[in-house]
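Please read the structure below before turning to the comments.
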Amino acid sequence: MGEVKLFRTWSSPFALRVVWALKLKGVEYETIYEDLANKSSSLLEYNPVHKKVPVLLHNGIPICESLVILEYIDETWNEGVRFLPKDPLARATARFWAKFNDEQVFPSFFRYFMRQGEDQEKAKEKVLENLKFVEEHLKGKKFFDGEVFGFLDLVFGWLVCYPGVINKAINLKLLDEQMFPNLCTWMEQFGDVPVIKETWPDEEALIHKFHKMREGLGIYIYTKLRYEAS
Amino acid sequence: MPKKSEIKLLGTTASPYVNRVQFALNLKSIEYEFIEENLVCKSELLLTSNPVHKKVPVLFHANKPPICESLIIIEYLDEIKSDVHRILPSDPLERADNRFWANYIDNKFFPLYEELRMTIGKEGKEAIKKQIIEGSVLLEEVFVKFSNGNDYFGGDDVGYLDVVLGCFIPWRKLIEKYNEFTAFDEVRTPRLAEWTKRIWSHEAFKDVIPENGTIVNFYMILQKYKPPRVV
């Protein structure tokens, strides 16, 4: 079905969801790792508007924005496993929660991680409020999309790894089993899916990175991270 | 095929995001009941149907759970009545391209107008106007590419980006008037200047355009509840 390349960073959770999508569809692809401090001319050519990763290149044509890429992958490699459900209402629901993750849940988590003191406490309230909505949405379901995992599990998949690693790095626990029983059960089940389990970035490297970010290597690192959000 | 009583739209006539959905409903010849919401004193219906964001528009279809977020509502309408005026194209690459630019318009371009409204001071305002102009020039290029010599982003008829960008015309006109500039002007963005007139008079949009009094009133509400601040 043509040549596929993925421009990504090694640590970005937004890139990971595209990796999972490609692997689950059995698509062969080449990975090009970007250093966001020194963006390649290719990246600037393929995503001139945002200059961000991930970017999928299919037969030389770029597709940007991870949620857009996920739907593109689902529609292009459309035989076999489908990520989005068939029913229009179920699709609308999945898209709603995907948008909520990208525009509210993840940014609020990031802010919580990057702040200190009273600011961090306020940020914590916000992320917990957001996660409670997600917890409620998972009620009675094995995966976000029902009995079988799909689009929304790929979107929320970062929860399986990143909060846990951040907790190891700086002792900042977020997902308490008592407060979030549905989420914690889902994390175990989704985390057990082979493609998910085998593709996490190196934990030690992530811990080191999180330490560096928190130790205030300045606006540069914060800006770099903002570029990594898709 | 949805029947008239089956589709209800909760919204305010002044909201461009609500107008966007109305534009799509009209294009697809879907009859609906409009329920006016008071955003200053939000109804129980809004708070229960959109507890996450507490925002309009919200679409109700028969007894199904409500659908929120205007772009998501449009894709839903396009899928339930795919045989009448297809809004998104069917090719995956074209769909991805359309969705990318919809995100740009909603997350980068239009928010500049709210930022402009909220900014006090000439220097601050000029800086934002400059960004709006840059965005307009970019959107002119997008129009040229998508329209392929025709009248709309969708080609020879209204498509997704016509709906996504078109709904902002009334609100943008107001903000531009108050700030003494024109984003889609005839010299810098000639195609978009023509396109604006076309959308303004399009049969599926012209009856959706809020009356001047309504939109000015909405502006005053925003000035009161989300007042401008010094940068």
Roughly how many whole Å is it from the C-alpha centroid of the range B:177-202 to that of the range B:38-73? 32 Å
Per the helix-only calculation at 222 nm, which mean residue ellipticity applies to chain A, given -39500 (n - 2.57) for every DSSP H run of n ≥ 4 and division by its residues, nearest 500 deg cm²/dmol? -17000 deg cm²/dmol
Order these by the 10 Å Cβ neighbour count, fewest first: A:M187, A:M114, B:M220. B:M220, A:M114, A:M187
Note, the range A:159-164: 3J(HN,Hα) by Karplus (6.51, -1.76, 1.60, θ = phi - 60°), whole Hz, Gly/Pro = x, goes 5, 5, 10, 5, x, x
Span from the the range A:105-182 Cα centroid across to the the range A:23-75 one, whole angstrom: 26 Å
Picking from A:F100, A:F143, A:F190, which is most flexible by a Gaussian network model of chain A using Cα springs under 10 Å? A:F100
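Got a sec? How would B:C41, A:C161, B:C167, A:C184 order by Cβ neighbour count within 10 Å, fewest to most? Before the final figure, lay out each step's value.
Details: B:C41 6, A:C161 20, B:C167 27, A:C184 15.
So the ranking, lowest neighbour count to highest, is B:C41, A:C184, A:C161, B:C167.
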For a quick check: with amide H placed at 1.01 Å from N, whose amide H comes under 5 Å from B:I35's, ignoring anything fewer than 5 positions away on the same chain? B:L9, B:L10, B:G11
So what are the ³J(HN,Hα) numbers for the range B:64-71, from phi and the Karplus equation (6.51, -1.76, 1.60; θ = phi - 60°), rounded to whole Hz, Gly and Pro as x? 7, x, x, 10, 10, 6, 4, 5
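Need one value for B:97-103: mean number of C-beta atoms belonging to other chains within 10 Å of its residues' C-beta atoms. Mind dumping the intermediate values first?
Numbers: counts 6, 1, 7, 11, 2, 2, 8.
The mean count of partner-chain Cβ atoms within 10 Å per residue comes to 5.
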Of the trypsin sites (Lys or Arg not before Pro) in the range A:125-162, those whose Cβ has at most 10 other Cβ within 10 Å and which sit in DSSP loop: A:K139
GNM flexibility winner over chain B from B:L165, B:L93, B:L39 (Cα, springs under 10 Å): B:L93
Karplus ³J(HN,Hα) for the range A:39-47 (6.51 cos²θ - 1.76 cosθ + 1.60, θ = phi - 60°; Hz, whole; x = Gly/Pro) runs 5, 6, 5, 4, 4, 5, 6, 7, 9
Given chain A, longest segment not containing exposed loop GluC sites (Glu not before Pro) (DSSP; at most 15 other Cβ within 10 Å): A:80-146
Under unit Cβ charges (Lys, Arg +1; Asp, Glu -1), what dipole magnitude, rounded to 20 debye, does the protein assembly as shown have relative to its Cα centre? 1120 debye
Debye intensity ratio in log₁₀ form over the Cα atoms of chain A, taken at each q of 0.12, 0.13, 0.16 Å⁻¹: -0.67, -0.79, -1.22
Go through A:K51/B:K108; B:K54/B:K173; B:K173/B:K206; A:K132/A:K168; A:K99/B:K55; B:K129/B:K173 and tell me which ones have a Cα-Cα distance over 18 Å in this structure. B:K54/B:K173; A:K132/A:K168
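Give the longest segment of chain B that steers clear of GluC sites (Glu not before Pro) in DSSP loops with at most 14 neighbouring Cβ atoms within 10 Å, not counting the sites themselves. Walk me through the numbers before you get to the answer.
Working: sites that count: B:E31, B:E180, B:E186, B:E203, B:E211.
The answer is B:32-179.
When only Cα pairs under 8 Å and 6 or more residues apart are kept, what is the percent relative contact order across chain A? It would help to have the intermediate numbers written out before the result.
On the way: 256 pairs, mean separation 52.6, N = 230.
Averaging sequence separation for qualifying contacts and normalising by length gives 23 percent for chain A.
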Averaged over its residues, how many other protein chain Cβ atoms are within 10 Å of peptide A:99-108's Cβ atoms? 2
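How much length is gained on full extension from A:S40 to A:N182, taking 0.36 nm per residue of separation minus their Cα-Cα distance?
Residue separation times 0.36 nm, minus the Cα-Cα distance, leaves 47.0 nm.
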Would you calculate a helix-derived [θ] at 222 nm for chain B, using -39,500 (n - 2.57) for each DSSP H run of n ≥ 4 and dividing by the full residue count, to the nearest 500? -16000 deg cm²/dmol
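Give the range of the longest stretch in chain B that excludes all trypsin sites (Lys or Arg not before Pro) found in loop regions by DSSP and having at most 15 other beta-carbon atoms within 10 Å. Provide the component values of the computation, followed by the final result.
Details: sites that count: B:K3, B:K42, B:K54, B:R188, B:K206.
By the stated rule (loop sites, at most 15 other Cβ atoms within 10 Å), B:55-187.
Plugging the Kirkwood radius over Cα pairs into Stokes-Einstein for chain B, at a temperature of 10 °C and a viscosity of 1.306 mPa s, what D comes out in µm²/s? Intermediate results must be reported in sequence, preceding the final value.
Values: Rh = 18.4 Å.
It diffuses with D of about 86 µm²/s by this estimate.
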Can you pull the Kirkwood radius for the protein assembly as shown, inverse mean 1/r over Cα pairs, to one decimal in Å? 23.6 Å
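Nearest 20 debye, what's the magnitude of the dipole of chain B about its Cα centre given +1 on Lys and Arg Cβ and -1 on Asp and Glu Cβ? Write down the numbers at each step before the final one.
Details: 31 positive and 34 negative charges, 161 e Å.
Dipole of chain B, to the nearest 20 debye: 780 debye.
Mind checking the full-extension length gain between A:Y29 and A:V148? Use 0.36 nm per residue of separation minus the Cα-Cα distance, one decimal, nm. Walk me through the numbers on the way to the answer.
Details: separation 119, 0.36 × 119 = 42.84 nm, distance 2.50 nm.
That works out to 40.3 nm of additional length.
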Separation in nanometres of the label points that stand 7 Å from Cα toward Cβ, at A:E118 and B:E115: 2.8 nm
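Taken together, the values in this text are just the output of simple stated rules run on the coordinates, not laboratory data. Everything numeric in this text was worked out from a predicted model, so none of it was measured. When we count neighbours, we look across all protein chains shown, and the Cβ atoms used for this are built from the backbone with ideal geometry, even at glycine.
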